[in-house]
1. In the calculated pair distance distribution of the stretch 93-186, what percentage of Cα-Cα distances lie above 17 Å?
2. Which links in Lys33/Lys93; Lys33/Lys65; Lys65/Lys215 stretch past 22 Å when you go from one Cα to the other?
3. Mind checking which of Ala151, Thr196, Trp113 is farthest towards the positive end of the stretch 98-248's charge dipole, using Cβ charges of +1 (Lys, Arg) and -1 (Asp, Glu) about the Cα centre?
4. Could you list log10 I(q)/I(0) for the stretch 118-248 at q = 0.12, 0.18, 0.22 Å⁻¹, which the Debye formula gives when each Cα is one point scatterer?
5. Which is the longest stretch in the chain that no exposed loop site breaks, taking sites as GluC sites (Glu not before Pro) with a DSSP loop state and at most 12 other Cβ atoms within 10 Å?
6. Return one whole number: the accessible area per residue of the stretch 113-248 in Å², for a 1.4 Å probe.
7. Computed FRET efficiency, Cβ-Cβ of His152 and Leu106, R0 35 Å: what is it to the nearest 0.05?
8. In nm, to one decimal, how far is the Leu132 label point from the Asn202 one, both placed 7 Å along Cα→Cβ?
Amino acid sequence: MKLRLMTYNVHRCVGTDRKLDVERVAEVIAAEKPDVVALQELDVRRARTKGVDQAHRLAELLKMKSHFHPAMAVEEELYGDAILTCLPETKVKADGLPLYPRIPGLEPRGAIWITVDVQGTPVQIINTHLGLVPQEQKRQAAALLGEQWMAHEDWKAPGILLGDFNATPYSATYRLLKAALRDAQTQSASWTRTPTATFPSNFPFMRIDHVFLTKGLETVHVRSPYGSLARAASDHLPLVIDLEVSSV
């Protein structure tokens, strides 16, 4: 059974040319034909992006269902992350992640968890966007590995944790996650290529967007579109992973 994932920080649909263009982001996503899309940095009803519900609009353009979690809310204006999919799905949980209290004023962070049905096999998927401060990231990663999320009884392999972790493979946060899960870009019998970077979009050399896997999932293909449209649409490129799913 095949599953195509995309994780994509869309930078509130404002591109490297400073143009707000939700339709352009949708075009980048549609070209890859993903089954599931994990999006970070979406605006919903915010004045700075003309009041558009970006999660709903992207789902509408892509003919997908969407689940949105507002990591930050200021009255009616929301900002956060979403999962879009064309597969049968159920929302499990959407919630905030721990802040680092020693540094006041940090941007709130969160995660959203859905179950998708892949030809009869339930697959757990969590999308997140971690903070910028290393100690904050480690707290948030530990929470995701803890009893409220991946140590919860409802989390059963096969499962996927993906998103913008703001953490390179050299970081303590990445090592913490990789001790419990497998990076989809780690070389294996089914995948032997060098890992793909996604940030910044014009000259990608950093790996901060990641897809982590449990057992029951094998990487078949990895790519990051680098055409002119993708380079302009956001400051990140999308990361696209093709997986083989097996029941566990």
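The values are calculated or read from the model by the stated rules, or taken from the named source; none is laboratory data. None of the values given here were measured: they were computed from a predicted structure. All Cβ positions, even for glycine, are placed from backbone atoms using ideal geometry, and neighbour counts span all protein chains on display. In case anyone asks, the SASA skips ligands and DNA or RNA and just uses the protein heavy atoms, side chains included. Shrake-Rupley method; radii C 1.70, N 1.55, O 1.52, S 1.80 Å.
1. Numbers: 2117 of 4371 pairs.
Counting pairs separated by more than 17 Å, the tail of P(r) holds 48 percent.
2. On the way: Lys33/Lys93 25 Å; Lys33/Lys65 14 Å; Lys65/Lys215 26 Å.
Checking Cα-Cα distances, Lys33/Lys93; Lys65/Lys215 exceed 22 Å.
3. Thr196
4. Reported log10 I(q)/I(0), two decimals: -0.47, -1.04, -1.39.
5. Values: sites that count: Glu75, Glu76, Glu147, Glu153.
Longest gap between qualifying sites, sites excluded: 154-248.
6. Numbers: 5570 Å² over 136 residues.
Accessible area per residue: 41 Å².
7. Numbers: r = 25 Å, r/R0 = 0.73.
Efficiency computed from Cβ-Cβ geometry: 0.85.
8. Label-label distance for Leu132 and Asn202, simple model: 1.9 nm.
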